[in-house]
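This report refers to the structure that appears directly beneath it.
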Amino acid sequence: MMPARGRPAPPADAVVAAAGSGVRYAAAGEAPAPKQFLPLAGRPLLVHAAEAMLAAPGVRRVAVVLPGNGFPAWRARVEPFLRGGGGRVRFCAGGATRQESVRRGLEALGVGGVEAGGGAAESEPAELVAVHDGARPAAAADLVAEVFRAAARHGAAAPVVRPTDTLFRMAPANGPEGRRLAEVIPREDAAAAQTPQCFRRRVLDEALDAAARSGFAGTDEASLARFAGYPVAAVAGDSRNLKVTTPADLEELRRRVGPAPPGGAPPRLGFGFDAHRFGETGTLILGGVLFPETPALLGHSDGDALLHALTDAVLGAVGAPDIGAVFPSTDERWRGAASGRFVARAVEIAAAAGYAPGQADLTLIGERPRLGPKRDEVRASVARRLGIPASSVGLKATTTDGMGWTGRGEGLAAQALVRLDAAAPGDAPPGGESRSA
Ligand code: MG
């Protein structure tokens, strides 16, 4: 609402806040990956958000802040989509709160680092910094540019939409009938803030510091700036600039944006098999989950046959050498190693080839352990390592009806089939060095 057209865009950095954790949901077994990883037109939501920042006038670097829990897999999942960013994209692990995650994103943009593309970092922060929600994939270029212009002029700016519904304050919950409406909030006094929000770097740094000092928790950065006493200019937002919060939001966006463009590389399949002998001591670990009633499998690493089969499946799908070649058992680094490291490395190798996991189907073969009580926990653990929803991980167990070495309980075998999907290189926005300094 305060346009300032006609000025050249000052240099800016951007942080994409996409660190929301899926752990709470993954534990439920069936629930999806964090929503910012759900696909829209063939690309994760947060990739759309990052692309909007890369395409914004004056933007030099974009920090993409991903969940800290399972960071290597999340990074590998989205990195192939952002190669077209001209080496301007950095990834970092988020913290426990949005404020901590945004701070880490700012640090990742900071001095002395190395760009994702291998170039040297700028020595000074940009004059402006924008923060954009990873789950807000449809910010129009005009809106983004207007927010940046307003921030350059006023120090801080946010896009807002004016409510059209009648707004009430809610009374405290009182009894089984639930909450009641209290007084009306005058609609003309209310606005809903979207992202991207943009700030002079000093304003955002000081707003984050002030909030940290006094324990203030805001749901966006404009609220931190207001808490710290800075004016925030309101720019006309757009109701189509949705933050995906419910499945209906995503359905609406998919209707609007349409399916993935045809002509991408087809998916690739990989198959893995592994078997280990049971020992007498220790605790079995399968899929990164402990089975306390069953002794450990013997092995150079932690003996997690399920993750070994999975690792080989991922490596096989991109034609990479197998787990024994990538992580030789003669290497002391892998003695007793947690096998999640093997999966993470395999996912990185696949990402370097332009592929990310899309689905896995796993089978355990043996007389023990009893999988049932731990099935969803193992699925969620595997899903987190691959960066896919738990609903995309199949897991079965079978015996061999008393026959052979598995039937005699001497050991346990695992099979894994994975599908890797091609990232769409060239789908990224025009990159290039668009610095206007
Ligand atoms: Mg093995």
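In the range 40-114, one over the average inverse separation of all distinct C-alpha pairs is 12.8 Å, which is the Kirkwood hydrodynamic radius. Each Cα pair under 8 Å and six or more residues apart adds its separation to the average, and for the chain the resulting relative contact order is 20 percent.
Evaluated at 37 °C with a viscosity of 0.692 mPa s, what Stokes-Einstein diffusion coefficient in µm²/s does the range 241-308 have when Rh comes from the Kirkwood expression over alpha-carbon pairs? Stokes-Einstein gives a translational diffusion coefficient of 202 µm²/s.
So if R0 is 30 Å, what FRET efficiency would E188 and A210 give, r being the distance between their Cβ atoms, rounded to the nearest 0.05? Display every interim value, and only then the final one.
Numbers: r = 29 Å, r/R0 = 0.97.
Here the calculated transfer efficiency is 0.55.
A Förster distance of 35 Å, applied to the separation of the beta-carbon atoms of F271 and D249, puts the FRET efficiency at 0.40.
When the Gaussian network model of the chain links Cα atoms closer than 10 Å, the mean-square fluctuations of A360, A248, A93 top out at A248. Put simply, when 296-305, 369-378 are sorted by average Cβ atoms within 10 angstrom per residue, most first, you get 296-305, 369-378. Taking V65, V160, V343 in turn, the Gaussian network model of the chain (Cα-Cα springs below 10 Å) assigns the largest fluctuation to V160.
For K35, the lysines whose Cα comes closer than 26 Å to its Cα, not counting residues fewer than 8 places off in the same chain, are K243, K374.
With a ≥ b ≥ c the root eigenvalues of the C-alpha gyration tensor of the range 279-403, is it rounded (a/c under 1.5), prolate (a/b larger than b/c) or oblate? Walk me through the numbers before you get to the answer.
Working: a/c = 1.85, a/b = 1.23, b/c = 1.50.
Verdict is oblate for the range 279-403.
Quick one: accessible area per residue over the chain, 1.4 Å probe, rounded to a whole number of Å²? Don't jump to the answer; show the numbers that get you there.
Working: 19630 Å² over 437 residues.
Counting only protein heavy atoms, the per-residue value for the chain is 45 Å².
Please compute the contact order of the range 255-374 in relative form: average sequence separation of alpha-carbon pairs under 8 Å and at least six residues apart, divided by the residue count, as a percent.
On the way: 163 pairs, mean separation 28.6, N = 120.
Reported relative contact order: 24 percent.
Counting only Cα atoms, the size of the range 177-286 along its three principal axes is 68, 47, 46 Å, in decreasing order. Expressed to the nearest 5 percent, the antiparallel share of DSSP beta bridges inside the chain is 60 percent.
Across M170, M53, M403, mean-square fluctuation computed from a Gaussian network of the chain (C-alpha pairs under 10 Å connected) peaks at M170. Note on A236 and V257: the model spin-label points, each 7 Å out from Cα along the C-beta direction, lie 2.4 nm apart. Here the spin labels are modelled as points 7 Å beyond Cα on the Cα-Cβ line, and at T400 and A141 they lie 6.1 nm apart.
The base-10 log of I(q)/I(0) for the chain, evaluated at q = 0.10, 0.14 Å⁻¹, reads -0.77, -1.22 [Debye formula, identical scatterers on Cα atoms, solvent excluded].
Relative contact order for the range 298-349: 53 percent, from Cα pairs under 8 Å spaced at least 6 residues apart, divided by residue count. Within the range 135-209, the trypsin sites (Lys or Arg not before Pro) that combine a DSSP coil assignment with at most 11 other C-beta atoms in a 10 angstrom radius are R179.
Quick check for me: using +1 on Lys/Arg Cβ and -1 on Asp/Glu Cβ, what's the dipole size of the range 52-114 about its Cα centre, in debye to the nearest 20?
Numbers: 10 positive and 3 negative charges, 23 e Å.
So the magnitude is around 100 debye.
Within the range 269-414, antiparallel bridges make up roughly 60 percent of the DSSP beta bridges whose residues both belong there. Between F227 and A173, the contour length at 0.36 nm per residue exceeds the alpha carbon distance by 16.7 nm.
Apolar share of the accessible surface for the chain: 54 percent from carbon plus sulfur atoms, 1.4 Å probe.
The values are calculated or read from the model by the stated rules, or taken from the named source; none is laboratory data. These figures come from a predicted structure and were not determined experimentally. We place every Cβ from the backbone using ideal geometry, glycine too, and count neighbours over all the protein chains shown. Heads up: the accessible areas ignore ligands, DNA and RNA and are worked out on the full protein's heavy atoms, side chains in. Shrake-Rupley method; radii C 1.70, N 1.55, O 1.52, S 1.80 Å.
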